[in-house]
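The values are calculated or read from the model by the stated rules, or taken from the named source; none is laboratory data. Small disclaimer: the values here were computed from a predicted structure and weren't measured. With ideal geometry, Cβ positions are generated from the backbone for all residues, glycine too; neighbour counts draw on all protein chains shown. Only protein heavy atoms, including side chains, enter the accessible area calculation; ligands, DNA and RNA are left aside. Shrake-Rupley method; radii C 1.70, N 1.55, O 1.52, S 1.80 Å.
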Amino acid sequence: MICITITYNDNGGKKIMKRITLIALMCIGVILGMTGCGKSKKEFDIGDKSDIKISQNDVTMTIKDGTLTNSGATLVLINNSDKSFQYGNPYEIEIKKEGEWHKINVELSFTLPAFHLLPKESKEIELNWENEYGKLSKGTYRIIKGINYEYEEGKYKSFNVAVEFIINRN
């Protein structure tokens, strides 16, 4: 709480009023800066239509039963092939609007380790997207992860897998 004590003197009344106005405006600016005046973490900007291609052949992705909330989920990556794959921490969430997938404009940052997904292996990945996307509101979404594999010594190809999900309540 900010408390200002004012002593009024007829000789400098105009100067005091200018100072009071300036101090009040500065206080309002500080309060708005501390509380923020932009969008809350519960809101996000819907971007352009997505052009990400999805492949669900050699590797599939599901959400573990009972783990989906509006702020996170546990993914299950399943290698259905005899090849080894790699994946990292990065992922994206897209939203479906009017039958089309759209990007969600948020700032994303990840560490970049490489994890191995061996033939016929499955791995669980716990996600908490609240810091990046906020708590998701009602809607249809998909999570996208990139998968890599070595097709020739030192040469890699990439593809994306996705899992769709619905948030029924806020």
Using the per-residue mean of other Cβ atoms lying within 10 Å as a proxy for protection, in what order, highest first, do the peptides 107-116, 48-57 fall? 48-57, 107-116
Heavy-atom surface of segment 70-109, accessible at 1.4 Å and reported per residue (Å²): 47
What is the Cα centroid distance between segment 67-109 and segment 149-170, reported in whole angstrom? 7
Give me the number: length gained by fully extending ILE166 to THR74, i.e. 0.36 nm times residue separation minus the C-alpha to C-alpha distance, one decimal in nm. 31.7 nm
Magnitude of the Cβ-charge dipole (Lys and Arg +1, Asp and Glu -1) of segment 56-151 about the Cα centre, nearest 20 debye, reported as 200
